[in-house]
Structures are given as structure tokens and as C-alpha cells.
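Data first, discussion second: the structure below is written as C-alpha cells.
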Amino acid sequence: MHGVNPDAYEMSRADEARLSKELRRGDPAALERFQSMLTTPVYRFVFYRLSGRTDDVEEIVQETFLAALEGLPRFRHECSLYTWLCGIAKNRIARHRRAAYRSRLATAIESVDSELDAILADLDRPLPDEALEREETQDLVGATMAALPLQYQEVLVEKYVSANSVDEIARQRGTSSKAIESTLTRARGAFRRAWELLARKIAGDRP
């Protein structure tokens, strides 16, 4: 990643088309030119989006160029090579962030197992209903649900995912609406407290 041309990337579409054709032929000189012209601009693009974490930046830049070389036959020059590479880099950055988040989530779950058990013994606070509807928190919702007893998972899914009424759930389970309301109250309390614990742990572990 070092020793490359620090100047801003500039190349006409005609030159880019010629370069792409040479790259597809496997021309070593074209590969060297491609990397020397574009590595620094792409590196900068990734660097500022990853807050300067050098190891991660270099890995993503390498992945970006490898993916670009593999995808060259599909590149139609509807944008510049730089813009195309940045689009690939964005996908790699998003994948990296998801993997990092899931790693923190797994670590958080392992570190709070005993606290989760204690939470399940005292269930009285209401569920943040909106949490189940937010796409960006799906991983944390799934982890929180997995920490709950099966009966709580089932009633929460029936109520908030399947959108069944309390009476419908009671009918399906052959029990009373009052019994379902009681189970839902405890399940909501369990979810909220487990959610808050895991969210705090993840926030505390974030670099």
C-alpha cells in the first residue's frame, strides 16, 4: 500500500476502457498502472470511513482490488474506475462492520450469561415494542430473543411478529387471555432487561 502515486486519480473514459481491456488480457504492466493510479485514492476513501484503523483499511483495500479484477468482465464503464472501486469498497466496509458488530455481540452474550440468568428471575418491566420493528437492530433482537425461555420467545413472536391478538394466542394455546397477558408481561420485562444489558455491553466494548 505504500510507495504509490500520491496524486489524485485522473483518467479519461477512453483511457480507462483501454486499461480495462489490457487488464482483462492479463497485462502485468496494466495491472501495475491500475494499482499505482488507484490504490492511494481508494485507500483514502476507506481510511476515513474506518476512522483510520490501518490494519482493517489495508485488508479492505486489498479485497476491493481483488474483487474488481474478478469483476472487470462485468464492468460497463457507466462510471469511472474510481467510482466503481469505491462502490466495491463500500460493500466490503459494510460487511466488515456487520462482522465486527456480530463479534462484539457474541462476546457480550458470553460475558453476561450469569447476569441474563438473574434478569430472567425478575421480570416486570415493559418491552420496548419499537425494538422489534427496527431493521438495524435485528441482530441484537435475535440475540436477546435467544436468551429468553422458549415460552417467552413464542408469545413474543405470536404477538409482535405474527400480530395475533391476546385472545387469538389464548385460543391457539388452549388457555385464558388473562394467562397470556401475564406471560406477555413477564416476557416483555425479560426482553427489555436482556436487551438493555446486551446493548450496554456492546457499546462498552466498541473500539
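The modelled label-to-label distance for the pair residue 12/residue 172, using points 7 Å beyond Cα in the direction of Cβ, is 6.6 nm. Under the classification rounded if a/c is under 1.5, otherwise prolate if a/b is larger than b/c and oblate if not, where does region 150-207 fall, given a ≥ b ≥ c as square roots of the Cα gyration tensor eigenvalues? It is prolate, given that a/c is not under 1.5 and a/b is the larger ratio. When only alpha carbons are used to place a centre, region 146-207 and region 86-106 end up 29 Å from one another. The listed peptides 182-190, 147-155, 65-73, ordered by packing as a protection proxy, come out as 182-190, 147-155, 65-73 (highest mean of other Cβ atoms within 10 Å first). Once the Cβ-Cβ distance of residue 90 and residue 36 is raised to the sixth power relative to R0 = 25 Å, the FRET efficiency obtained is 0.65.
What is region 13-101 by shape, rounded, prolate or oblate, if you read a ≥ b ≥ c off the alpha carbon gyration tensor as root eigenvalues and call it rounded for a/c under 1.5, prolate for a/b larger than b/c, and oblate otherwise? Judged from the Cα gyration tensor, region 13-101 comes out prolate (a/c at least 1.5, a/b above b/c).
None of the figures in this text is laboratory data; all of them are computed from the coordinates on show. Because the structure is a prediction, the values reported are computed rather than measured. Here the Cβ is made from the backbone with ideal geometry for all residues, glycine too, and neighbour counts use every protein chain on show.
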